[in-house]
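K.L.:
Please find one structure pasted underneath; my questions will follow.
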Amino acid sequence: MRFCIIGLGSFGTHLARQLARDGHEVLGVDNEPLHTDAMKDEIEFLVTADCSDITSFGDIPVADCDAVIVAIGKDFEAALSVAANVQQVGAKRIICRVINPLHARLLKLLKIDELLIPEAMAAAWLARSLKAPDVLNSFAVGQGHEIVEVALPPGMVGRTLREMDLRGRYDLNLVTVMRRKAATSLSSSAPQVDKIIGVPEPERVFEADDLLLLFGTERNVRRLLDEHARPPA
């Protein structure tokens, strides 16, 4: 996919790096040459331009991008102007970083509904990781259910999926089993997917470095992890 990121501050830079690392085509735009120059060895397509001026979009193929992310984090007026300009030049999808509540309300008036607050997202992730350090990633799907990535608890090592009977005993579905390798970029400490086992066979034996992708409720995931936190005696 092709993404345009306008604003290469801290958030925009990290987002551009992650998308590029995931194999997407990234166009990075910033009005500060120092910011675009800093990314020249990591992002193939870079434009130095002031996007609060709509004429600057003559050099930026916004309409050809799957999404445009307005990642400006400080200049309220510039962020609002850029969002309006991106909308006017025909972006298919617009995602805007929110600077403050007034900014959010004005973006809503422009009918831009995909808004994000990176600080709030980071805080939510940290709160969850502090509360449940054995839950590596999670995605809420509604009505108390979630998809979570967890490290295999020690008590499950050497046992099979059939023995564990996750569906019958814990009302959990095992989506897949994964392996990860250490992060290769200094910009991120998150490990990258190294191997996906696929649909687990009932007789597959769990190994110590397995990561489980589970679907169910937070309560049942917690019950599974707590009950098998220690190796069997």
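K.L.:
For region 95-141, with equal point scatterers placed on the C-alpha atoms only and solvent neglected, what are the log10 I(q)/I(0) values from the Debye formula at q = 0.24, 0.31 1/Å, to two decimals?
P.N.:
Listed by q, the Debye log ratios stand at -0.83, -1.07.
K.L.:
Let me ask you something else. What list of ³J(HN,Hα) couplings, whole Hz, do you get for region 47-63 from phi and the Karplus terms 6.51, -1.76, 1.60, once you set θ to phi - 60° and write x for glycine and proline?
P.N.:
Once rounded to whole Hz, the list reads 10, 9, 7, 9, 6, 6, 9, 4, 5, 5, 6, x, 9, 10, x, 4, 5.
K.L.:
For region 26-151, with equal point scatterers placed on the C-alpha atoms only and solvent neglected, what are the log10 I(q)/I(0) values from the Debye formula at q = 0.10 1/Å, to two decimals?
P.N.:
Treating every Cα as an identical point scatterer, log10 I(q)/I(0) equals -0.42.
K.L.:
Give me a comma-separated list of calculated 3J(HN,Hα) values for region 114-127, in order, Karplus coefficients 6.51, -1.76, 1.60 applied at θ = phi - 60°, integers in Hz, x for any Gly or Pro.
P.N.:
8, 10, 9, 10, x, 5, 5, 5, 5, 5, 5, 5, 5, 4
K.L.:
Quick one: what are the phi-derived ³J(HN,Hα) couplings along region 214-222, Karplus 6.51/-1.76/1.60 with θ = phi - 60°, whole Hz, x for glycine and proline?
P.N.:
Each residue of region 214-222 in turn: 10, 10, x, 8, 4, 4, 6, 4, 4 Hz.
K.L.:
Over 21 Å apart: what share of the alpha carbon pairs of the chain falls there, rounded to a whole percent?
P.N.:
That fraction is 64 percent.
K.L.:
Separate question: Treat the count of other C-beta atoms within 10 Å as a stand-in for reagent exposure and order Glu149, Glu44 from fewest to most.
P.N.:
Numbers: Glu149 17, Glu44 12.
With the sparsest Cβ surroundings first, the list reads Glu44, Glu149.
K.L.:
Checking the cross-link filter: which lysines have an alpha carbon closer than 19 Å to that of Lys195, excluding same-chain neighbours under 8 positions apart?
P.N.:
The reachable lysines, counting only those whose Cα sits under 19 Å from Lys195, are Lys181.
K.L.:
For the chain, what's the relative contact order in percent, using C-alpha pairs closer than 8 Å and at least 6 residues apart?
P.N.:
Values: 406 pairs, mean separation 33.7, N = 233.
Value for the chain: 14 percent.
K.L.:
Could you give the spread of the C-alpha atoms of region 132-227 along their three principal axes, from largest to smallest, in whole angstroms?
P.N.:
For region 132-227, the Cα extents along the three principal axes come out at 42, 32, 22 Å.
K.L.:
Near the amide H of Ser52, under 5 Å away, which other amide H atoms are found, from residues 5 or more places off or on another chain, if H is placed in the peptide plane?
P.N.:
Close amide H contacts, sequence-distant or interchain: none at all.
K.L.:
Between Val199 and Asp113, take the C-beta separation as r, use R0 = 35 Å, and let me know the FRET efficiency to the nearest 0.05.
P.N.:
0.50
Every number here is computed from the coordinates shown, using simple stated rules; none is lab data. None of these values were measured; they are calculated from a predicted model. All Cβ positions, even for glycine, are placed from backbone atoms using ideal geometry, and neighbour counts span all protein chains on display.
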